[in-house]
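Presented below is the structure to which this report refers.
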Amino acid sequence: MITGDDTGRANQKKRTRIAIVEACREIIRSGGPVTMPEVARSALVSEATAYRYFPDLASLLNQALVAMWPSPADALAPVADSRDPVERVVFACEFLLRGVLANQGAVRAMISATITRPALAATRPGIRFGLIDQALAPLNGTLGATDPGGLAQLKLDLAAVVSAEALFSLTDLAGLTPDDAIASLVRTATTVTEAALRNDPTVSSPLPR
């Protein structure tokens, strides 16, 4: 039998969870470093309470970040009518990297958490893969008709370029400005995509619009 007390506790737990996630999002939007103690303070709960709802920072960041990004289809809406995979990949690459810069405190925290604990990598939002899949949608059933692995390989090649890790390597290690780093990665993504299309005799690029 469910009592009023049970319902009240369930509602309170739901409100607390929502408060923690919203506090995390507010910190992300502010551009500040995202830590569990900071999130707990912002949500007006103890750090121990925050950890009862989210066992680690990575799981909290995953919950917070996913809802802050549009769906791949919505993200690529400006190029929805284009059948040119190169144009679509360029747009997806810049979209992702600009978003990474806007939320880099959270993205860096997520990367840090998964580097030190590789088992947590599965909790990272698969935003880049969704964008790449959407960008290359016009090639479904075309690229790889003679080599079924062609499209899958292109997606893997792009995942190494259309990524926060690649962006931070260029800004942090190579000393490029964010704009120059993004331009470099867009050029690389373009080259990778054009090379895949040239090497597949079943595809002509750009595809008809």
Cα extents of the chain along the three principal axes, largest first, in whole Å?
67, 49, 31
What list of ³J(HN,Hα) couplings, whole Hz, do you get for segment 169-178 from phi and the Karplus terms 6.51, -1.76, 1.60, once you set θ to phi - 60° and write x for glycine and proline?
4, 6, 7, 7, 9, 8, x, 6, 5, x
For segment 106-118, take each phi angle, set θ = phi - 60°, evaluate the Karplus expression 6.51 cos²θ - 1.76 cosθ + 1.60, and give the result in whole Hz per residue in order, putting x for glycine and proline.
5, 5, 5, 5, 5, 4, 4, 5, 7, 5, 6, 9, x
Where does helix 85-102 land angle-wise versus the long Cα axis of the chain, in degrees 0 to 90, nearest 10?
30
Per residue, how much accessible area does the chain show when a 1.4 Å probe rolls over the protein heavy atoms, in square angstrom?
52
With a 1.4 angstrom probe the carbon and sulfur portion of accessible area for the chain, in percent, totals 56
Kirkwood hydrodynamic radius (C-alpha pairs) into Stokes-Einstein, segment 29-105, 20 °C and 1.002 mPa s, D in µm²/s:
146
Give, rounded to the nearest 20 debye, the magnitude of the charge dipole that the chain has about its Cα centre when Lys and Arg contribute +1 at Cβ and Asp and Glu contribute -1 at Cβ.
620
If you take the charge dipole of the chain about its Cα centre, with +1 on Lys and Arg Cβ and -1 on Asp and Glu Cβ, which of Leu139, Ser184, Ala48 is farthest toward its positive end?
Ala48
Convert each backbone phi in segment 58-64 into a coupling constant with the Karplus relation 6.51 cos²θ - 1.76 cosθ + 1.60 (shift: θ = phi - 60°), then list the ³J(HN,Hα) values in order as whole Hz, x for Gly and Pro.
4, 5, 5, 4, 4, 5, 6
Highest mean packing first, using Cβ neighbours within 10 angstrom, the peptides 95-106, 162-173 sort as 95-106, 162-173
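The values are calculated or read from the model by the stated rules, or taken from the named source; none is laboratory data. Keep in mind that this is a model prediction, so the values were computed, not measured. Using ideal geometry, Cβ is built from the backbone for each residue, glycine included, and neighbour counts are taken over all protein chains shown. These area figures cover heavy atoms from the full protein model, side chains too; ligands, DNA and RNA do not enter into them. Shrake-Rupley method; radii C 1.70, N 1.55, O 1.52, S 1.80 Å.
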